[in-house]
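Colleague: Quick one: structure below, then a few questions.
Just so you know, all these numbers are worked out from the coordinates, no wet-lab data involved. Only a predicted model underlies this, so the values are computations on that prediction, with no experimental measurement involved. For neighbour counting, all protein chains shown are included, and Cβ atoms are generated from backbone atoms with ideal geometry for every residue, glycine included.
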Amino acid sequence: MIFTPLFGMAIGGEIVGLVEQTGLVAKTVLLILLIFSILSWAIILSKWSALSRARAQSGRFIRAFRRAQRLQDVAAVSEQFKPSPLVPVFENAYDEFRRQGETNITAVQRAAQIASSEELSRLERRLPLLATTGAVTPFIGLFGTVWGIIDAFHGLGDAGAATLRAVAPGISEALITTAAGLFTAIPAVIAYNQFTHSMKQFGARMDDFSLELLNLIERTTGIPTGVR
């Protein structure tokens, strides 16, 4: 067990040494990849926290909604579940219902759909940066590697020593940028796919909630909403 951290420290020291030996282009590429990595991890952590809260509060709001007998009962407690995207859907539809009275249920349905679309757009905010990170950073790292290999072979030609021992250090330094590109891209791709799946779940959940809301209106007012 003692050898494991020592081995990790040794590997880390070797990587730091390789990075220090890289040229200006490779260092610039690594800096760009570091910025992408910091931004993507900031988005991943904040989005994961926000979606966890939204998911938990949505479950609580649904339970409170299903226990309620009137729209007013739901409106009275909706603020408690504010992180949930279902709350704006309800509030928008409820406000439209109070403005329209019982004469235009179609307008209430449209209000719920508009709120659902707005909430979904809010939840998807900053996700394109994760997609961009996953798509672009491997190529940025590859560019650094290609440039480093060109530089290594150019130096080899100047030295006139065509041996593997002569070219291997330069190539190993160049491959650092490819590894860094993959290290940046892989978490971003995994997180983007997971968050996209969560967005689809939230979209379906808001659509289902809109139907439940119309059912409650029909039960409490007796107005047919066309929902079956």
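Colleague: Average projected area of the Cα convex hull of segment 25-221, in nm²? Let's see the in-between values first.
Modeller: Details: hull surface 52.5 nm².
Computing the convex hull of the Cα atoms and averaging its projections yields 13.1 nm².
Colleague: Ordered by residue, what ³J(HN,Hα) values in Hz, to whole numbers, does segment 55-66 give under the Karplus form 6.51 cos²θ - 1.76 cosθ + 1.60, where θ = phi - 60° and Gly and Pro are x?
Modeller: 5, 5, 5, 5, x, 5, 5, 4, 5, 5, 5, 6
Colleague: Right, something else. Could you tell me the distance between the Cα centroids of segment 25-70 and segment 93-124, to the nearest Å?
Modeller: Using only Cα atoms to place each centre, the spacing works out to 25 Å.
Colleague: Order these peptides, 87-95, 29-37, by their mean beta-carbon neighbour count within 10 angstrom, highest first.
Modeller: 87-95, 29-37
Colleague: A follow-up question, please. What's the local net charge at Asp73, with K and R +1, D and E -1, over the other residues with C-beta under 12 Å away? Intermediate values should be presented prior to the final figure.
Modeller: Numbers: positive: Arg66, Arg67, Arg70; negative: none.
Charge balance in the 12 Å sphere: +3.
Colleague: Still on this structure, I have one more. Could you give me the ³J(HN,Hα) list for segment 106-121, computed from phi with Karplus coefficients 6.51, -1.76, 1.60 and θ = phi - 60°, whole Hz, x at Gly and Pro?
Modeller: Result, ordered by residue: 4, 5, 5, 5, 5, 4, 5, 5, 4, 5, 4, 5, 5, 5, 5, 5 Hz.
Colleague: Same structure again: Put a dot 7 Å past each Cα toward the Cβ at Phe183 and Asn104; how far apart are the dots in nm?
Modeller: 5.9
Colleague: Among Ala26, Pro187, Ser210, whose Cα projects farthest towards the positive end of the dipole of segment 25-221, with charges put on the beta-carbon of Lys, Arg (+1) and Asp, Glu (-1)?
Modeller: Going by the Cα projections, it comes out as Ser210.
Colleague: Each label point is 7 Å from the Cα along the Cα-to-Cβ direction; what then is the distance between the points at Leu142 and Asp95, in nm?
Modeller: Spacing of the two 7 Å Cα→Cβ label points: 4.9 nm.
Colleague: What FRET efficiency, computed as 1/(1 + (r/R0)^6) with R0 = 25 Å and r the Cβ-Cβ distance, is obtained for Arg126 and Leu34, rounded to the nearest 0.05?
Modeller: Approximately 0.85, to the nearest 0.05.
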